[in-house]
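Notes to accompany the following structure.
The values are calculated or read from the model by the stated rules, or taken from the named source; none is laboratory data. Just so you know, these numbers come straight off a predicted model, no measurement behind them. Here the Cβ positions follow ideal geometry from the backbone for every residue, glycine too, while neighbour counts run over all protein chains shown. Heads up: the accessible areas ignore ligands, DNA and RNA and are worked out on the full protein's heavy atoms, side chains in. Shrake-Rupley method; radii C 1.70, N 1.55, O 1.52, S 1.80 Å.
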Amino acid sequence: MRESNPEGDYYTVSVGMAAPRSVYACDPDRSRGRLFQEPPSKTRSPFRRDCDRVIHSTAFRRLKHKTQVFVFHEGDHYRTRLTHSLEVAQIARALARQLGLDEDLTETLALAHDLGHMGLQANVERALDVCLQAHGGFNHNAQSLRVVTSLEHRYPEFDGLNLTWESLEGIVKHNGPLSELNDMAAASYRHRGIPVGISDYNRIHDLELSSFASLEAQVAAIADDIAYDTHDIDDGVRAGLFSVDDLKIMPLTAQMIAEIGERYPDLDDDRRGAELVREIISYLIGAVVTEARSRLQAARPQSVNDVRNYGEALITFPAEAAHAEGEIKSFLKTRMYRHPRVMKVMGEAEQIVFDLFGRYQKTPGDLPPEWLPHDGRESEAERARRIGNFIAGMTDRFALTEHQRLFDSTPDMR
């Protein structure tokens, strides 16, 4: 594995054998358990069982038809939420292995982190947030929690997947604490409050929202950043939104592109792009591992609770890598996410969400029978949230099909 030092050249970080389990890793034998008691598995640890439940869930399967930037009919080779989640899991496992963390829990959180996302592009969620503004809005982390605690209906004795406390904690807190010690919302949630789905659930099952999550959750979160940065470069080049040479505007990628050119002077653009993506992934993983080891050595946590109560994240990019990663995000925001072609499709997708939400509110009978209230009685807030749950679960294809069924014309989204 290669990473950059302050002088800008590269050195090697050993990634051969897995590190032994660390004292600060989550131990499946000491899990805080599940909300609904179940007999332990005879063949799997609690965290491995969680991971398997996520993989076999309906919401996970739907991710294969939920897109992030390019809608499903724009091409077969662009990332979907499913392929993105698999890439996040691969990167997260690599980090967990080097740091002596529990790989099963890490994989669970990597695979589950997008379960609450909508289809029809990532930014379209703001349309559903507007629709639900009077009823708590829409937050994809809160929606992920709803999926695994109530919306999945696969087991006879409970709704949801009945995951361990550690998995639920990681889904909710992988980006940091949601509240202060005095239960006031953390700064990033101060203007709107803790998302409704999380605050409601926390009242019946305390996830300790004022503390940081485990290192396994922190690893899954940073793996998400690495995967986004690199696969969006790959997809952007493939879509013709920018070229590999356009990435020379940033010092890190300029250096990598130059080195690739020296090693492979006649390489075609597709392979240059793929090689660049590998270089960036290796650089960022190596940087995270080195920074994590440094921070852990300074913090000297002796348990996962020491990690939770340390007061700051221990899995981060070092300053130089954080700057380079921020430059990549800024480049993608300008050249990809705000590209006229992408913005056009996003506007059409938002209108589909507004249309569907308005129609279901006005004519609830247009919903499938299983999404209607059993007793026919519900409050306005309950109806709005139920409609929101239905729309949030839609794949690209199903949303377009529903719109075509209910309206005279549907955007082409190309």
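Below are the figures for this structure:
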quantity	calculated
Residue 93 basic (Lys, Arg), in contact (Cβ under 8 Å) with a residue 24 or more places away in the chain and open to solvent by 10 Å² or more (accessible area, probe 1.4 Å)	no
Qualifying residues in region 205-244 (those that are assigned to a helix (DSSP H, G or I), open to solvent by 10 Å² or more (accessible area, probe 1.4 Å) and modelled with pLDDT under 95) - the one nearest to residue 98 (Cα to Cα)	228
Counted residues, region 139-161 - those being at positive phi and open to solvent by 10 Å² or more (accessible area, probe 1.4 Å)	0
Conditions (1) open to solvent by 50 Å² or more (accessible area, probe 1.4 Å); (2) under 30 Å from residue 99 (Cα atoms); (3) assigned to a loop (DSSP other than H, G, I, E, B); number of the one not met by residue 316	(1)
Tally, over region 189-204, of residues that are surrounded by 14 or more Cβ atoms within 10 Å (Cβ to Cβ) and in a helix (DSSP H, G or I)	8
Selected residue (criterion: nearest to residue 117 (Cα to Cα)) from residues of region 399-410 that are surrounded by 17 or more Cβ atoms within 10 Å (Cβ to Cβ) and more than 22 Å from the chain's Cα centre (by Cα)	400
Whichever residue in region 1-34 is among the hydroxyl-bearing types (Ser, Thr, Tyr) and assigned to a loop (DSSP other than H, G, I, E, B) and, among such residues, is modelled with the lowest pLDDT	14
Cβ-Cβ under 7 Å pairs, at least 6 apart or on other chains, region 367-380 side more than 19 Å from residue 401 (Cα to Cα) and free of Cβ contacts under 8 Å to residues at least 24 places away in the same chain, far side surrounded by 12 or more Cβ atoms within 10 Å (Cβ to Cβ) and of a type outside the set (Val, Ile, Thr)	372/364
Test: residue 331 is of a type outside the set (Val, Ile, Thr), modelled with pLDDT of 95 or more, in contact with a Cys (Cβ under 7 Å, 6 or more places away or on another chain) and in a helix (DSSP H, G or I)	no
Residue satisfying condition, being touching a His at 6+ places or on another chain (Cβ under 9 Å), at pLDDT 95 or above, open to solvent by 30 Å² or more (accessible area, probe 1.4 Å) and under 30 Å from residue 233 (Cα atoms), within set 83, 58	58
Residues (without any contact (Cβ under 8 Å) to a residue 12 or more places away in the chain and within 28 Å of residue 276 (Cβ to Cβ)) located in region 304-329	319, 322, 323, 326
Near pairs, Cβ below 8 angstrom, 6+ apart or cross-chain, from region 252-278 (surrounded by 14 or more Cβ atoms within 10 Å (Cβ to Cβ)) to any residue that is of a type in the set (Ser, Thr, Tyr)	252/4; 252/283; 256/283; 272/264; 275/264; 276/253; 277/230
